[in-house]
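Participant: Take this structure first; my questions come after.
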Amino acid sequence: MRFTKVHSLGNDFVVIDPEDGQRIVDLPGFTKRVCDRHRGVGADGLILISIKDREQGLVRFRIFNADGSEPEISGNGLRCAAAYLFHQNKIDPPDITFMAATGIHTCRLLDVQNNRFQIRIEMGAPRLASKDIPFDDGTLHERIIDYPLSIHRKIYPATVVSLGNPHCVVFFDHFPARIEWHEIGREIEYHPFFPNRVNVEFVRVLGRKEIEVLFWERGVGETLSSGSSSSAAAVASILKGLTDRQVEVKTVLGKMIVEWEGDKIRQSGPAEIVFDGALLQ
């Protein structure tokens, strides 16, 4: 089975078009094997794409986390899937329309240099009500800003949003040590107030136009970047009045831009083809 390895600022995926090989029966088990960094290709997740209409640029998109779970959406995953499609000449640039579990997501190629693509994606409208995230502490909330979330006998003011998948954003003046924020991230991911678990973002505000983020991904753990999480961190920063509505998100390996215009979130950033290969089964 043919595959392509793609990453967006270090958040890496194995991308497969099942039409290029045999049908996958056990998707969770297959994902865990492929994403294993010692016995497989190694990745944060697996992406499956299926072209429905090449002329219209219409593509079905599914994504699985490294633990075999299936999240609702991934911003970086959409960008990596688009880069794969352009790289393989499966879709003519510049536009792709992805059909995902969260609905329709449009995508546009902004620039390409060798195997590195700059791509803008439409993330949709942020959801802020507790029932839409979901977040359940026994009370309905229209918005959840600086909620006093108790972890390890400490209170962390949490801002909670959804970009189709749930996010819990915590702000710091200075980031805690790596082992500490890993522990906090793991505890928040499985906190009983989040029935579907949750992605966790640790944010430092650097100015009105820039934030820095560390990422704890549901079903993966630490990741070097995340598209939906970057969007959630920007939304939380805007809701708290800490930044403007266009925010540069600084990650370990680079930056992406998040814009909140009207009721839509747009995100621009890179996706880089690493290599093509064949899986032996």
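The values are calculated or read from the model by the stated rules, or taken from the named source; none is laboratory data. Predicted, not measured: the structure shown is a model, and the values here were computed from it. Every residue, glycine among them, receives a Cβ derived from its backbone with ideal geometry; neighbour counts consider all protein chains shown.
Participant: Would the range 94-109 turn up any residue that is of a type in the set (Asp, Glu) and either more than 15 Å from residue 121 (Cα to Cα) or not in a strand (DSSP E or B) (or both)?
Facilitator: Among the residues of the range 94-109, not one is of a type in the set (Asp, Glu) and either more than 15 Å from residue 121 (Cα to Cα) or not in a strand (DSSP E or B) (or both), which makes the answer no.
Participant: Can you confirm whether residue 4 is modelled with pLDDT of 95 or more, surrounded by 14 or more Cβ atoms within 10 Å (Cβ to Cβ), over 20 Å from residue 165 (Cα atoms) and of a type in the set (Ser, Thr, Tyr)?
Facilitator: So residue 4 fits the description; yes.
Participant: If residue 214 satisfies all but one of (1) in a strand (DSSP E or B); (2) over 16 Å from the mean Cα position of the chain (by Cα); (3) more than 19 Å from residue 128 (Cβ to Cβ), what's the number of the condition it fails?
Facilitator: Among (1) in a strand (DSSP E or B); (2) over 16 Å from the mean Cα position of the chain (by Cα); (3) more than 19 Å from residue 128 (Cβ to Cβ), residue 214 violates only (2).
Participant: Among the residues of the range 224-255, which ones are among the β-branched types (Val, Ile, Thr) and touching a helix residue (DSSP H, G or I) at 6+ places or on another chain (Cβ under 8 Å)?
Facilitator: Those that are among the β-branched types (Val, Ile, Thr) and touching a helix residue (DSSP H, G or I) at 6+ places or on another chain (Cβ under 8 Å): 243, 247, 249, 251.
Participant: Pairs please, first residue from the range 85-107 and without any contact (Cβ under 8 Å) to a residue 24 or more places away in the chain, second anywhere and of a type in the set (A, V, I, L, M, F, W, C) and surrounded by 15 or more Cβ atoms within 10 Å (Cβ to Cβ), Cβ atoms under 6 Å, 6+ apart in sequence or on different chains.
Facilitator: Close Cβ pairs satisfying both conditions: 93/86; 93/109; 94/109.
Participant: Could you tell me which residue of the range 256-278 is farthest from residue 105 (Cα to Cα), considering only residues that are aliphatic (A, V, I, L, M) and in contact with a helix residue (DSSP H, G or I) (Cβ under 7 Å, 6 or more places away or on another chain)?
Facilitator: 273
Participant: Which one of these does residue 119 not meet: (1) farther than 18 Å from residue 9 by Cβ; (2) hydrophobic (A, V, I, L, M, F, W, C); (3) not in a loop (DSSP other than H, G, I, E, B)?
Facilitator: All conditions pass for residue 119, except number (1).
Participant: Looking at the range 259-275, which of its residues are under 14 Å from residue 7 (Cβ atoms) and charged (D, E, K, R)?
Facilitator: Residue satisfying the conditions is 272 alone.
Quick grid of which residues meet (1) of a type outside the set (Phe, Trp, Tyr); (2) touching a His at 6+ places or on another chain (Cβ under 7 Å); (3) at pLDDT 95 or above:
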| position | (1), (2), (3) |
| --- | --- |
| 8 | yes, no, yes |
| 23 | yes, no, no |
| 51 | yes, no, yes |
| 62 | yes, no, yes |
| 66 | yes, no, yes |
| 73 | yes, no, yes |
| 84 | no, no, yes |
| 100 | yes, no, yes |
| 109 | yes, no, yes |
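Participant: Regarding the range 238-251, can at least one residue be identified that is assigned to a helix (DSSP H, G or I) and surrounded by 17 or more Cβ atoms within 10 Å (Cβ to Cβ)?
Facilitator: Within the range 238-251, one or more residues are assigned to a helix (DSSP H, G or I) and surrounded by 17 or more Cβ atoms within 10 Å (Cβ to Cβ).
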